[in-house]
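Asker: Submitted below is the structure of interest, expressed as structure tokens.
The values are calculated or read from the model by the stated rules, or taken from the named source; none is laboratory data. Model, not experiment: these values are computed from the prediction. Here the Cβ positions follow ideal geometry from the backbone for every residue, glycine too, while neighbour counts run over all protein chains shown.
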Amino acid sequence: MADGAVKSSTREFDVVVVGAGFSGLYMLHRLRGLGFSVRVYEAGDGVGGTWYWNRYPGARVDIESMEYSYSFSPDLADEWEWSERYASQPELLRYLNHVADRFDLRPDIQLNTRVTAARFDEASMRWNLKTSTGESISAKFCVMATGCLSIPKAPEFPGVENFKGATYSTSSWPKDGVDFTGMRVGVIGTGSSAIQSIPMIAAQAAHLTVFQRTPNFSVPAHNGPIDPALVEDWKEHREQYKDEARAAGFGIRMVEESTQTALEVSEDERRDVYETRWNRGGFALIGAYSDLIADKAANDTAVAFVAEKIASIVKDPKVADILTPKTYPIATKRLCVDTGYYATFNRDNVTLVDVGAAPIEAVTPTGLKTARAQYELDAIVFAIGFDAMTGALTGIDIRGRGGVSMKQKWAEGPKTYLGLMVCGFPNLFTVTGPGSPSVLCNMAVAIEQHVDWITDCISYLSDRQVGAIEATSGAEAEWVAHVNEVADGTLFPHANSWYMGANVPGKPRVFMPYIGGFPVYREKCEEVAAKGYEGFALTSAAHAS
Ligand SMILES: Cc1cc2nc3c(=O)[nH]c(=O)nc-3n(C[C@H](O)[C@H](O)[C@H](O)COP(=O)(O)OP(=O)(O)OC[C@H]3O[C@@H](n4cnc5c(N)ncnc54)[C@H](O)[C@@H]3O)c2cc1C
């Protein structure tokens, strides 16, 4: 194995991992534990990924903390105690820093270093990488732990550079926070980050104007201190609950996915079920019936229930109407989980502007101009989302066999085998890549499964002196067709969502995550590995020069 030595100014490793978030930290821990030389490169100046960058007020996990945790180490699980049902960003960042210290990961992580290029050398069967700091690195394997939601969209509004006030992006919030006291603030966007931050900003600002293009469905978190009895129960049944989470379609045990269909029960019963789950909070609502994401009539019943809730919370019927989604089925865009979002629009210092009806025309030096009016602002918060799932990968100049770039290969949408590897790009793995359940799943569960699979694969190859592994074009084509076929059997393609690439102008409209359910996916991955990596071509190391 390579030892990380500097050879003619190129550092050599068995494995390079790009990204030090939830994925990269665990990837490093697993591979190093098996004796591989590994180096992690991270663009930020700290570990934590999503929870390092997204420090906006109100940022918190939308899956209960007990479930959004690593499960690989019982000791870690025993010693870490979450303070709230849904941990806040500072607590999540503390957790990931604790993991980095607890497993002594920092010596093998290089911060402030963006990987800019990765080229596969066919003769040596190794990856050559370049960084923003001018370094050259050679590694047999490259693991892209670059995140599904790590490349924010740029605020491309005309005139934005002329705005005289302050501008902020939820995805790169200042470390010291922002004091909006006495300010007229505008928030552009009403996705998950906006929905979490709007109540907090409204409580501080003199006035908040929310610019909404498309309303989102949001359900209450009912966040609060974590019940000690729940923690004890989890400690006692940890292995059982881990298995139950992995057996659940979304990788979330607490959603309690029902096997009943929505229309097989009476309206009264359905209402009771929705009410109970709304009161429980979080994604529980989506688990109410098995056909909510497959059958439009079933989905309509949940839409109607949430619309009634919005109407009952928001006092001004016109505002409630604007806040109510009408153009897509519930849960086909990421369902948001909030604390006091709809009630915020009852405040005297909050105005909702429907920029779906009257689009934003420009940012002016003193505010924002829509097709209907001018709004005077002291600060603008951009909560406009990410170039999801593919942005971090196409943002690196990745070149596989024959110098073909990943960006070129994915010009009409991402193509992968199992969201783990791409034909033409040997020895390069993607953690939660497009074509895997990823963002449709509890990502803690999805990440651990991917990292474990990749580790086992690298270990298998190493034991057998395999020089390169690569997805075959046939297996890749079949998987892409399967991912599309499963998506087409659901309501997901009915929404212009970031799952479809619809939030980025010019991005191909392809449903990117795998919606067949986490257990089905995991079984497929295990089967592929058990059959000696079926669908992958393995080349002997003897072929390397
Ligand atoms: C605001 C927000 C809230 C979320 N809430 C939830 C939630 O409640 N539940 C859930 O399951 N998931 C949630 N997610 C998804 C979240 O991204 C995952 O849960 C998880 O944190 C992903 O971990 P990761 O390590 O794969 O990626 P990330 O955490 O995104 O880390 C990737 C890292 O790679 C680095 N990187 C990228 N490109 C390069 C490069 N070229 N060179 C060097 N470094 C690079 C980035 O700087 C980043 O630090 C949320 C995402 C966001 C943005």
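Asker: So which helices (runs of 4 or more DSSP H) stay within segment 391-490 end to end and still have 1 or more residues that are within 19 Å of Glu534 (Cβ to Cβ), away from the ligand (no atom under 12 Å from the Cβ) and over 23 Å from the mean Cα position of the chain (by Cα)?
Answerer: Qualifying helices (runs of 4 or more DSSP H): 443-463, 473-488.
Asker: If you take the residues of segment 294-319 that are without any contact (Cβ under 8 Å) to a residue 24 or more places away in the chain and of a type outside the set (D, E, K, R), which of them is farthest from Pro225 (Cα to Cα)?
Answerer: Pro317
Asker: I'm trying to understand the selection: among the residues of segment 320-369, which are crowded, with 18+ Cβ neighbours inside 10 Å, hydrophobic (A, V, I, L, M, F, W, C) and over 15 Å from Val306 (Cα atoms)?
Answerer: Once the filter is applied, which keeps residues that are crowded, with 18+ Cβ neighbours inside 10 Å, hydrophobic (A, V, I, L, M, F, W, C) and over 15 Å from Val306 (Cα atoms), segment 320-369 yields Phe345, Val350, Leu352, Val353, Val355, Ile360, Val363, Leu368.
Asker: Residue by residue through segment 60-88, note down the ones that are part of a helix (DSSP H, G or I) and closer than 27 Å to Ile396 by Cβ.
Answerer: Passing the criteria: none in range.
Asker: Say we look at segment 233-259 and pick out the residues that are outside any loop (DSSP other than H, G, I, E, B) and of a type in the set (A, V, I, L, M); which of these is farthest from Pro437 (Cα to Cα)?
Answerer: Met254
Asker: Just checking, does segment 189-196 include any residue being surrounded by fewer than 19 Cβ atoms within 10 Å (Cβ to Cβ), touching a residue at least 12 places away in the same chain (Cβ under 8 Å) and not hydroxyl-bearing (Ser, Thr, Tyr)?
Answerer: The answer is no; no qualifying residue exists.
Asker: Still on this model: Would you mind stating whether Ile226 is more than 22 Å from the chain's Cα centre (by Cα) and touching a residue at least 60 places away in the same chain (Cβ under 8 Å)? First the steps, then the outcome.
Answerer: Numbers: more than 22 Å from the chain's Cα centre (by Cα): yes; touching a residue at least 60 places away in the same chain (Cβ under 8 Å): yes.
So Ile226 passes the test.
Okay, residues lined up against (1) free of Cβ contacts under 8 Å to residues at least 24 places away in the same chain; (2) at positive phi; (3) not hydroxyl-bearing (Ser, Thr, Tyr):
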position	(1), (2), (3)
Met27	no, no, yes
Phe36	no, no, yes
Ala43	no, no, yes
Gly49	no, yes, yes
Ala59	no, no, yes
Ser71	no, no, no
Leu76	no, no, yes
Tyr86	no, no, no
Ser136	no, no, no
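Conditions tested, residue by residue: (1) among the β-branched types (Val, Ile, Thr); (2) at pLDDT 95 or above; (3) surrounded by fewer than 21 Cβ atoms within 10 Å (Cβ to Cβ).
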site	(1), (2), (3)
Ala248	no, no, no
Gln260	no, yes, yes
Leu263	no, yes, yes
Arg271	no, yes, yes
Arg277	no, yes, no
Leu285	no, yes, no
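Asker: If you don't mind, another one. If Lys153 satisfies every condition in (1) more than 18 Å from the chain's Cα centre (by Cα); (2) more than 17 Å from Val350 (Cβ to Cβ) but one, which is the exception?
Answerer: (1) is the only condition that Lys153 fails.
Asker: I would also like to ask the following. Of the numbered conditions (1) surrounded by 18 or more Cβ atoms within 10 Å (Cβ to Cβ); (2) over 21 Å from Gln449 (Cα atoms), Asp104 fails exactly one; give the number of that condition.
Answerer: Among (1) surrounded by 18 or more Cβ atoms within 10 Å (Cβ to Cβ); (2) over 21 Å from Gln449 (Cα atoms), the lone unmet condition for Asp104 is (1).
Asker: Let me ask another. Which of the following residues is free of Cβ contacts under 8 Å to residues at least 24 places away in the same chain and surrounded by 15 or more Cβ atoms within 10 Å (Cβ to Cβ): Ala203, Ala118, Ala145?
Answerer: Ala203
Asker: Of Ile313, Ile293, which residue is at pLDDT below 95 and out of contact with any Lys or Arg (no Cβ under 9 Å at 6 or more places or on another chain)?
Answerer: Ile293
Asker: Exactly one condition in (1) within 11 Å of the ligand (Cβ to nearest atom); (2) in contact with a helix residue (DSSP H, G or I) (Cβ under 8 Å, 6 or more places away or on another chain) is false for Tyr70; which is it?
Answerer: (1)
Asker: Within the set of pairs 6+ apart or on separate chains, which have a first residue in segment 103-114 that is modelled with pLDDT of 95 or more, a second that is part of a loop (DSSP other than H, G, I, E, B) and of a type outside the set (Asp, Glu), and C-beta atoms under 6 Å apart?
Answerer: Correct list of pairs: Ile109/Ala20; Thr113/Thr133; Arg114/Ala43; Arg114/Ser132.
Asker: Examine segment 407-420 for a residue that is touching a helix residue (DSSP H, G or I) at 6+ places or on another chain (Cβ under 7 Å), under 30 Å from His543 (Cα atoms), buried (at least 24 other Cβ atoms within 10 Å of the Cβ) and among the small types (Gly, Ala, Ser), and state whether such a residue exists.
Answerer: yes
Asker: Name the pairs: first residue in segment 158-183 and within 18 Å of Ala194 (Cβ to Cβ), second residue surrounded by fewer than 13 Cβ atoms within 10 Å (Cβ to Cβ) and at pLDDT 95 or above, Cβ to Cβ under 7 Å, at least 6 apart or on different chains?
Answerer: Met183/Ala206
Asker: Name the single residue that is nearest to Arg126 (Cα to Cα) among those in segment 24-50 being part of a helix (DSSP H, G or I), within 10 Å of the ligand (Cβ to nearest atom) and in contact with an Asp or Glu (Cβ under 9 Å, 6 or more places away or on another chain).
Answerer: Step by step, filter segment 24-50, then rank; the result is Gly24.
Asker: A further question follows. Within segment 235-272, can you find the residues that are of a type in the set (Gly, Ala, Ser), touching a Lys or Arg at 6+ places or on another chain (Cβ under 8 Å) and under 21 Å from Glu523 (Cα atoms)?
Answerer: Of segment 235-272, the ones of a type in the set (Gly, Ala, Ser) are 245, 247-249, 251, 258, 262, 266.
Okay, now just the ones that are also touching a Lys or Arg at 6+ places or on another chain (Cβ under 8 Å), so 245, 262.
Answer for segment 235-272, where residues must be of a type in the set (Gly, Ala, Ser), touching a Lys or Arg at 6+ places or on another chain (Cβ under 8 Å) and under 21 Å from Glu523 (Cα atoms): just Ala245.
Asker: While we're looking at this one, here's another question. Pick out, from segment 293-377, the helices (runs of 4 or more DSSP H) lying fully within it that include 2 or more residues that are over 27 Å from the mean Cα position of the chain (by Cα).
Answerer: Of the helices (runs of 4 or more DSSP H) lying wholly inside segment 293-377, those with at least 2 residues that are over 27 Å from the mean Cα position of the chain (by Cα) span 296-313, 317-323.
Asker: Please indicate, with yes or no, whether at least one residue in segment 63-71 is surrounded by fewer than 15 Cβ atoms within 10 Å (Cβ to Cβ), out of contact with any strand residue (DSSP E or B) (no Cβ under 7 Å at 6 or more places or on another chain) and at pLDDT below 95.
Answerer: Scanning segment 63-71 turns up no residue that is surrounded by fewer than 15 Cβ atoms within 10 Å (Cβ to Cβ), out of contact with any strand residue (DSSP E or B) (no Cβ under 7 Å at 6 or more places or on another chain) and at pLDDT below 95.
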